[in-house]
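One structure below.
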Amino acid sequence: MELGCIFSYINKIGAISNKFLAKRIKEEGLPILQNHSLLFYILPKDKSQLLFSEIVERGKISKSSLSDIINKYENLGLVCKCISNEDKRNIYINLTDDGVYVKNKLEDIKNEALDAMLDGFDENQREIFKDCVSKALVNIKKVL
């Protein structure tokens, strides 16, 4: 295998995974967009609060985009937005019960996608694959 085509494979895995996620979100009737699912992966399942700025940092999402996303899902009752009593500039975000339901469904979909992608891999191969992809990600981040 030519090493250069690894980039093509990585891109295809990402594209197919995103299509799968979008398809399954629609099939499950979840009221979210695929490209907003990151918010639900970031917010804790235990409904504890995160600062708006923490979500921006973790998700590498612009403040204006995140603000629009949070407003959308607050209106749908999936997240709760609270302004700090101590510092009005601090905004806390957490999942509601309905938001936790969406998060759990997204976790199921993610596991379903991983199982499909790693079908035929034994546990050792799965671990090696994860380690290799993690190491490659760390290495490529160094050049930025």
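A short reminder: the numbers here are calculations on the coordinates, not readings from a lab. Keep in mind that what you see is a predicted model, and the values were worked out from it rather than measured. Heads up, the Cβs are rebuilt from the backbone with ideal geometry, glycines too, and the neighbour counts pull from every protein chain shown.
A few comments on the model shown:
- Loop GluC sites (Glu not before Pro), segment 71-110, which have at most 10 other Cβ atoms in a 10 Å radius of their Cβ (DSSP): E86
- Relative contact order of segment 22-118, defined on C-alpha pairs under 8 angstrom at six or more residues apart (%): 30 percent
- Between the alpha-carbon centres of segment 4-57 and segment 83-144 there is a gap of 8 Å.
- When the Gaussian network model of the chain links Cα atoms closer than 10 Å, the mean-square fluctuations of S17, S84, S48 top out at S84.
- Segment S64-S48, length gained on full extension (0.36 nm per residue, minus Cα span): 3.5 nm
- Kirkwood hydrodynamic radius of the chain, Cα pairs, Å: 17.3 Å
- Net lengthening on full extension, A15/D119 (0.36 nm per residue, minus Cα-Cα): 35.6 nm
- Applying the Kirkwood pairwise sum to the alpha-carbon positions of segment 1-45 produces a hydrodynamic radius of 12.2 angstrom.
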